Amino acid sequence: MIHSVLSDDANHFFFFLKPVVEEAEKTSEYFQSESADPCEMLEKLTDFHSALTLRIKTSSGQNRPLENVDFGIRFKIELSKCLNKYAASSFN
């Protein structure tokens, strides 16, 4: 079953969004604490929001074109491999 999930190119890319998922998990874990300081909670949430915003928006606040969104280097490498595989298979 795991092999079939990983063989699906769409599912495969989710594993390479790890940095984004890790940021979300760290923020979520902090909010689950019963002793979290509300000011620190706001700071963590603001930092998370800023990090995500920088990935998808330009410094002027405009949405980046999809090809310029920062999904992380591992995602870009895997996407490039996948695109090359499909380009090669379309010529056969």
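Just so you know, all these numbers are worked out from the coordinates, no wet-lab data involved. Please read these numbers as outputs of a predicted model, since none were measured by experiment. Glycine gets a Cβ as well: all are built from the backbone with ideal geometry, and neighbour counts include every protein chain shown.
Residues with amide H under 5 Å of residue 57's amide H, sequence separation 5 or more or different chain, H placed in the peptide plane at 1.01 Å from N; which?
The list, which skips near neighbours in sequence, is 64.
Hey, quick one: spin label on residue 49, modelled 7 Å out along Cα-Cβ, who in the range 15-42 has an amide N within reach, i.e. under 16 Å?
24, 27-28, 31, 38-42, by backbone N distance to the label point.
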